[in-house]
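The structure appears below as structure tokens.
The values are calculated or read from the model by the stated rules, or taken from the named source; none is laboratory data. As the structure is a prediction and not an experimental result, all values here were calculated from the model. Ideal geometry is used to build each Cβ from the backbone, glycine not excepted, and the neighbour counts take in all protein chains shown.
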Amino acid sequence: MPRAIFNFPSGFLWGTATAAHQVEGNNLNNDWWAWEQGEGNIRNGDKSGKACDWWAGRRWREDFDRASETFQNAHRLSVEWSRVQPEPDRWDETALDRYREMLLGLKERGMIAMLTLHHFSNPQWLMEMGGWENDEAVTLFGAFVRRAVQALAPHCNLWVTINEPNVYATGAYLGGGFPPGRNDMKAALKVLSNLVKAHALAYQVIHEIQPNAQVGVAHHWRGFIAGDWNPLTRQAVRLYDQVFNNSFAQALQTGRFDARMLREAIPQAKGTQDFIGLNYYTRETIRFDLTRSKDMYTRRFFRKDLELSEGGFLANDPEGFKQCIEWGNRFGLPIYITENGAEDSKDDFRRKYLVEHVHQMWHMVNFNFPIKGYFHWSLVDNFEWERGWTQRFGLWGLNEETQARVRRPSVDLYAEICRANALSSEMVEKWASAALNRIMPV
């Protein structure tokens, strides 16, 4: 069997990612907490509850210790808007103190912080005003960003304004199970347009306060593959690709928002990215299907030759990761992989998925793609939005009742990668031998 070491550049960031509502617990003033109380909104009736107990119990400390002790040198986390501004006319400085404490905790452990300012959750008072359909949300978000960045800039200069705006807009306004649970294409595109404007304003505010900041968006890229040669299938693929993958990102490059059914000039958005964040999980195949009007006359599925995660939520498709990075490289900016990971309570699929995706990323680095870091989703099992506690994405397992953490083998696999700043054939053979022939073909 051939042997190899796939080295990454000096200074490469290796970390994990988390989001406030998913790990903090008892976020009583946001739309997700309210949504969880409604019958049928969350799988199995699950509730976030204490989540990973990062807020009341400050268990972020032990989780940051775990990350640091396993050689991670960075962490991506988020600020919960509803904690900082629990009411329209009230700011909570103690909440900002808590986030300052978290950032100092990372700094003390020698870890670089990447801070996300909007990760799916909104203050309930904003939703009562119409949420992101209300144009005023843009200005209100800008005020929150100003308050947060003024407080936290001394401890962070890597900022993600908005996480997965395309997922948020489709999840909340196209029947995806997010609050407010709408299914209205016109509303979804209006929200996506307002999120472009909110990002542009946030970018301006951050650079005003911190001129040397690096500011970007975590774009969720999902590959869409035509499942046949039907012209209607191929037209559907182009539509999905433009609306879901391209419309937001292109607006930040050109100042024009083009979601086919809504086109708008947003000149203030042009050139408002210092890096591009890429969230990649999988690709899917699409076929036109006249019987599926509720799904835009398409059927979406995974290729039969790909291995699926335990719940069938995603396929192990590292070739799609390559396509994602090629897409991101079009924008001519430094690239961070802001999320990549797999659901797997048994921790077998995850290890294969991890080494194959890291190996694919190495190929792209080797071809001089400007990838600066990789954030695995996630550090510890957390509350997975409308899917509740049914999916286990953590390197560390979590018993949400006792708050006990469980060290999965993926912890030690990832630790070896982080420590070496490399992936080796020996690591693959030791931790994910089933992937060895795909990475090191004889």
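Here the strands (runs of 3 or more DSSP E) wholly within the range 187-274 that include at least 3 residues being closer than 20 Å to LEU333 by Cα are 214-220.
Among the conditions (1) in contact with a strand residue (DSSP E or B) (Cβ under 6 Å, 6 or more places away or on another chain); (2) modelled with pLDDT of 95 or more; (3) of a type outside the set (Ser, Thr, Tyr), GLY175 misses just one, which is (2). The listed residues are TRP221, TRP229, and the only one of them that is aromatic (Phe, Trp, Tyr), crowded, with 23+ Cβ neighbours inside 10 Å and farther than 17 Å from ARG260 by Cβ turns out to be TRP221.
For the range 152-172, indicate whether the set of residues that are within 15 Å of GLU386 (Cβ to Cβ) and in contact with a Gly (Cβ under 6 Å, 6 or more places away or on another chain) is non-empty. There is at least one residue in the range 152-172 that is within 15 Å of GLU386 (Cβ to Cβ) and in contact with a Gly (Cβ under 6 Å, 6 or more places away or on another chain). Considering MET129, MET111, the condition of being surrounded by fewer than 23 Cβ atoms within 10 Å (Cβ to Cβ), among the hydrophobic types (A, V, I, L, M, F, W, C) and under 15 Å from GLU87 (Cα atoms) is satisfied by MET129 alone. Counting only strands (runs of 3 or more DSSP E) that sit wholly inside the range 1-93, those with at least 3 residues that are in contact with a strand residue (DSSP E or B) (Cβ under 7 Å, 6 or more places away or on another chain) and crowded, with 21+ Cβ neighbours inside 10 Å are 13-17, 74-78.
Checking each residue in the range 118-142 for being of a type in the set (A, V, I, L, M, F, W, C) and outside any loop (DSSP other than H, G, I, E, B) picks out TRP125, LEU126, MET127, TRP132, ALA137, VAL138, LEU140, PHE141. Each residue in the range 152-186 was checked for being acidic (Asp, Glu) and either part of a strand (DSSP E or B) or within 18 Å of the chain's Cα centre (by Cα) (or both), and 1 of them qualify. The set of residues in the range 193-218 that are surrounded by fewer than 20 Cβ atoms within 10 Å (Cβ to Cβ) and of a type in the set (D, E, K, R) contains only GLU208. What do you reckon, is ALA51 at positive phi and at pLDDT 95 or above? Yes, satisfied. Right, LYS322: within 28 Å of ILE286 (Cα to Cα), part of a helix (DSSP H, G or I) and out of contact with any Pro (no Cβ under 8 Å at 6 or more places or on another chain) or not? Against the criterion (within 28 Å of ILE286 (Cα to Cα), part of a helix (DSSP H, G or I) and out of contact with any Pro (no Cβ under 8 Å at 6 or more places or on another chain)), LYS322 qualifies. Note on the range 377-409: residues that are more than 19 Å from LEU354 (Cα to Cα), of a type in the set (Phe, Trp, Tyr) and part of a loop (DSSP other than H, G, I, E, B) amount to 2.
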